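Reviewing the structure listed below.
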Amino acid sequence: LIGDDFYESRFGADSRISSTFSLGKSTKLQAMAFYQSKTADGQGIKEADFIAMSGYRQDLWDRKASISINIRDPFNTHYYNVETRTDEFYSYFKMDGESPSVRLTFSYRLNDYKRRSQEELIQVGGGM
């Protein structure tokens, strides 16, 4: 950073929170948020960043299928800005995602391999 002492004290922090809620045996709701504070190093600055995401999943037909909807950045707050500066070089990079984005997914399971394998292990091993 031009004009700043490289050894000057800097502080940065980030946090992440994620929660999954079961609403009965076949319904799940998930929420996640991530924050990263503004940070600086010997060459530049990265601006603070925040993003939230949420999802809903409903299992169908005795867990043979599921439908889910995921929403990324519903508050349109996610962006990425980085400024790099030295005596000979300057760069400013900015990225804005197209937010919010929504994804709808339908999944159908052709077999129950994982669940069957776990049940077979319990039977062979004498239970847990």
Tell me, please, whether a residue that is at pLDDT 85 or above, exposed (fewer than 12 other Cβ atoms within 10 Å of the Cβ), of a type in the set (A, V, I, L, M, F, W, C) and part of a strand (DSSP E or B) can be found in the stretch 105-118.
yes
Log entry, pairs with first residue in the stretch 1-23 being farther than 30 Å from GLY55 by Cα and open to solvent by less than 80 Å² (accessible area, probe 1.4 Å), second being among the β-branched types (Val, Ile, Thr) and modelled with pLDDT under 90, beta carbons closer than 8 Å, six or more apart or on different chains, reads LEU1/ILE45
Would the stretch 54-75 turn up any residue that is exposed (fewer than 15 other Cβ atoms within 10 Å of the Cβ) and farther than 23 Å from LYS25 by Cα? yes
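The values are calculated or read from the model by the stated rules, or taken from the named source; none is laboratory data. All of these numbers come straight from a predicted model, not from anything done at the bench. No Cβ is skipped: glycine too gets one built from the backbone with ideal geometry, and neighbour counts run over all protein chains shown. SASA here: full protein model, heavy atoms, side chains in, ligands and nucleic acids out. Shrake-Rupley method; radii C 1.70, N 1.55, O 1.52, S 1.80 Å.
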